[in-house]
Amino acid sequence: MSLIDRLDACARFTPSKYRSLMIAGKPLGHVDHAFAETLTPFADVFTVREDTVTLAESLKTAAARTEAVAGVLETLKAQGMFPGWRGEHYPVSESFYETPLLTIERATVPRFGTMGYGVHLNGYVVRNGQLHMWVGKRSMQKQTGPGKLDQIVAGGQPVGLSVWDNLMKECGEEAGMPADLAARAVPVGTVSYLTERAEGLRHDVLFNYDVELPYEFVPTPTDGEVDDFYLWPLEDVLQRIRDTDDFKFNAALVIIDFAIRHGALKPDDPEYITVTEAIRVGRSAAMKVR
């Protein structure tokens, strides 16, 4: 086991297994062949061909597209699909900063392979000169990654909420973090990945933040999404990422990024070059460069 294994878990994509999702003439996602066939009966909304799934061009506005697709998804939900239905809408667009062409239920995003976004907060403590990190254990009731280890705070980025406001909300809901303490968080960049998971194709960008916390602060689970919190030396966190798959796949990626930025992963480590290249350009791209 190694850090590279964790990076490889975020870079599993076989293009031949998918058809391009076309919306308003733009390729905005990837639909696997089985799900594409599931959409075939809804010919007034989707045109399903051998290599593409195209949203009806007669749907000219974001509102019309959203309503039409929602009707299809509600029907499929009633048939037993999408067990992790959240009641949250995510944007579908070419980039995070463009007006969405439509919005779709969060649980269905991986089935369409469209871009998803989230916020992750690294909460750390410096004790006797040594970095410690707060780690959350996800509830066993979570639809994705039940029981997995995670950041102190992490959550999806829904429509209608700024990244900062979403982070502040999640800090209070997941960790019982006072607003003045949460407001110390500093944006430190993003990590992204395109990978095949049980729930579908995850094509995500995570907005990452760091916050140095006072030793006397102890996070408290408040919304049922986290069962417990642990404060571990960062070296122990990295070792657990190397030796096990206890961490949620994307949380491991965020922690590796943190370790590089804070000097916990050093140039003498035999994985250093490969890992730093992969964090910078993505695992698949780094493999091509080498």
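The values are calculated or read from the model by the stated rules, or taken from the named source; none is laboratory data. The structure displayed is predicted, hence computed values, not measured ones. Here the Cβ is made from the backbone with ideal geometry for all residues, glycine too, and neighbour counts use every protein chain on show. When the accessible area is computed, the model is the full protein with side chains, heavy atoms only, and any ligands, DNA or RNA have been set aside. Shrake-Rupley method; radii C 1.70, N 1.55, O 1.52, S 1.80 Å.
Amide H contacts under 5 Å for Leu21: Leu28, Gly29, His30, Val31, Val53, restricted to partners 5 or more places along the chain or on a different chain, H placed in the peptide plane at 1.01 Å from N.
For the stretch 214-253, just say rounded, prolate or oblate: build the C-alpha gyration tensor, square-root its eigenvalues into a ≥ b ≥ c, call rounded for a/c under 1.5, and beyond that prolate if a/b exceeds b/c, oblate if not. Since a/c reaches 1.5 but b/c is at least a/b, the shape of the stretch 214-253 is classed as oblate. Taking the 1.4 Å solvent-accessible surface of the chain as the whole, the part contributed by carbon and sulfur is 51%. Seen from Arg6, the other residues with C-beta closer than 9 Å to its C-beta sum to a net charge of -2, counting Lys and Arg as +1 and Asp and Glu as -1. Counting Lys and Arg as +1 and Asp and Glu as -1 over every other residue whose Cβ lies under 12 Å from the Cβ of Asp150, the net charge comes to -1.
For the set Ser162, Ser2, the ranking by accessible area, highest first and with no ligand, DNA or RNA atoms included, is Ser162, Ser2 under a 1.4 Å probe.
Each Lys or Arg adds one and each Asp or Glu subtracts one; over the other residues with Cβ under 10 Å from the Cβ of Arg106, this totals -1.
Under 1.5 on a/c is rounded, so check that first for the stretch 54-123, then, if it is not, pick prolate when a/b is larger than b/c and oblate when it is not; a ≥ b ≥ c are the square roots of the alpha carbon gyration tensor eigenvalues.
Values: a/c = 2.44, a/b = 1.17, b/c = 2.08.
The shape class here is oblate.
For the options Gly200, Gly113, Gly263, a Gaussian network treatment of the chain with springs between C-alpha atoms closer than 10 Å singles out Gly263 as fluctuating the most. Projecting the Cα positions of Gln143, Gly116, Ala24 onto the charge dipole of the stretch 1-159 (unit charges on Cβ atoms of Lys, Arg, Asp and Glu, taken about the Cα centre) puts Gln143 furthest along the positive direction. Roughly what percent of Cα-Cα pairs across the stretch 153-290 reach past 18 Å? Of all Cα-Cα distances in the stretch 153-290, 63 percent exceed 18 Å.
Give the residue list of trypsin sites (Lys or Arg not before Pro) in the stretch 1-73 that are DSSP loop and have at most 13 other beta-carbon atoms within 10 angstrom. Display every interim value, and only then the final one.
Working: sites: Arg6, Arg12, Lys17, Arg19, Arg49, Lys60, Arg65; in loops: Arg12, Arg49, Lys60.
When the trypsin sites (Lys or Arg not before Pro) of the stretch 1-73 are filtered for loop state and at most 13 Cβ neighbours within 10 Å, Arg49, Lys60 remain.
The convex hull of the Cα atoms of the stretch 1-152, projected and averaged over all directions, covers 12.0 nm².
Accessible surface of Tyr193, taken over heavy atoms with a 1.4 Å probe and every protein chain present, rounds to 10 Å².
Relative contact order of the stretch 160-290, please, whole-number percent, based on alpha carbon pairs below 8 angstrom and at least 6 residues apart.
On the way: 110 pairs, mean separation 24.1, N = 131.
18 percent.
Quick one: what do you get for the chain if you divide its Cα Rg by 2.2 N^0.38 Å? Write down the numbers at each step before the final one.
Details: Rg = 19.9 Å, N = 290, 2.2 N^0.38 = 19.0 Å.
With N residues counted in the chain, Rg over 2.2 N^0.38 Å equals 1.05.
Any chance you could count the Lys pairs in the chain whose alpha carbons are under 17 Å apart, treating pairs 8 or more apart or on different chains as valid? Lysine pairs meeting both conditions in the chain amount to 5. Applying a DSSP loop filter and a limit of 12 other Cβ atoms within 10 Å to the GluC sites (Glu not before Pro) in the stretch 172-270 leaves Glu216.
I'd like to check one number: the per residue accessible area of the chain, probe 1.4 Å, reported in Å² as a whole number.
47
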